[in-house]
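J.: Let me give you the structure first, and then I'll get to my questions.
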Amino acid sequence: MVKKPSSKSPRKNRRRVLNAPMHERKKLLKARLDEFLQEEYGLRSLVIKKGDLVRIMRGQFRDTESKVTLVSYKKGVVFLDNTTITKADGKEAIVPIHPSNIMLVKLEMDDERKALIESKVMKIVESEE
């Protein structure tokens with residue numbers, strides 16, 4: 001397997017993200033796991049899913065825990081249930097959060113995610129041998 005050469009140019013990296021297909025954009029929506037989850041699963045990060053409990057690490061909502069209500073692969077952001085602001089006309093608006101600014105605290109486990117974690121752990125074990 002030959003690794004494709006990667007550019008360090010910010011312009012080319014931005015273009016790569018903006019022109020990426022949806023299945024590759026999903027991989028970009030990873031968030032770091034809490035210390036306890038890292039020890040439990042042996043992984044550092046996972047893709048964010050609807051229903052996960054996350055802690056916001058940066059921004060005006062820092063140190064708040066919230067549940068994921070929507071994950072936008074197209075925009076590359078996550079919408080949480082209690083990250084709202086009041087607009088000038090009095091309406092409530094949900095603030096989108098970038099996945100690099102949040103940490104997964106509790107996972108919404110289903111069969112697909114269990115299989116994903118198991119396969120990732122097996123790859124790590126095989127590579128260490």
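J.: Over the chain, with a single point scatterer placed on each C-alpha, what log10 of the ratio I(q)/I(0) does the Debye formula yield at q = 0.23 1/Å?
T.: -1.36
J.: Set the Förster distance to 25 Å, then compute FRET efficiency between residue 124 and residue 50 from the Cβ-Cβ distance, nearest 0.05.
T.: Taking R0 as 25 Å, the efficiency between residue 124 and residue 50 is 0.40.
J.: Which order do the peptides 109-115, 66-72, 87-93 take when ranked by the mean count of other beta-carbon atoms within 10 Å per residue, highest first?
T.: The densest-packed peptide leads the list: 66-72, 109-115, 87-93.
J.: Computed FRET efficiency, Cβ-Cβ of residue 26 and residue 2, R0 25 Å: what is it to the nearest 0.05?
T.: Efficiency computed from Cβ-Cβ geometry: 0.55.
J.: Which one, 29, 56, 46, projects farthest toward the positive side of the charge dipole computed for region 18-102 from Cβ point charges (K/R +1, D/E -1)?
T.: After comparing all options, I get 29.
J.: Of 8/123; 4/123; 12/106; 67/87; 3/50, which pairs sit farther than 25 Å apart, going by alpha carbon to alpha carbon?
T.: 8/123; 12/106; 3/50
J.: On a 0 to 90° scale, report how tilted helix 111-128 is relative to the longest principal axis of the chain, with both axes built from alpha carbons and the result rounded to the nearest 10.
T.: The helix 111-128 is inclined about 40 degrees to the chain.
J.: Let me ask something additional. Given a 1.4 angstrom probe, I'd like the percentage of the accessible area of region 25-129 that is carbon and sulfur, rounded to a whole number.
T.: C and S atoms contribute 51 percent here.
J.: Test of the criteria: in region 1-33, which trypsin sites (Lys or Arg not before Pro) are in a DSSP loop and have at most 11 other Cβ atoms within 10 angstrom of their Cβ?
T.: Qualifying residues, ordered by number: 3, 8.
J.: Could I ask something else about it? Quick one: what are the phi-derived ³J(HN,Hα) couplings along region 6-20, Karplus 6.51/-1.76/1.60 with θ = phi - 60°, whole Hz, x for glycine and proline?
T.: 10, 8, 9, 5, x, 4, 5, 5, 4, 5, 4, 5, 5, 9, 5
J.: Here is a follow-up. Taking only protein heavy atoms into account and a 1.4 Å probe, give the accessible area per residue of the chain in Å².
T.: 75
The values are calculated or read from the model by the stated rules, or taken from the named source; none is laboratory data. These numbers come from a predicted model, not from an experiment. Glycine also receives a Cβ, built like all others from the backbone with ideal geometry; neighbour counts cover every protein chain displayed. Heads up: the accessible areas ignore ligands, DNA and RNA and are worked out on the full protein's heavy atoms, side chains in. Shrake-Rupley method; radii C 1.70, N 1.55, O 1.52, S 1.80 Å.
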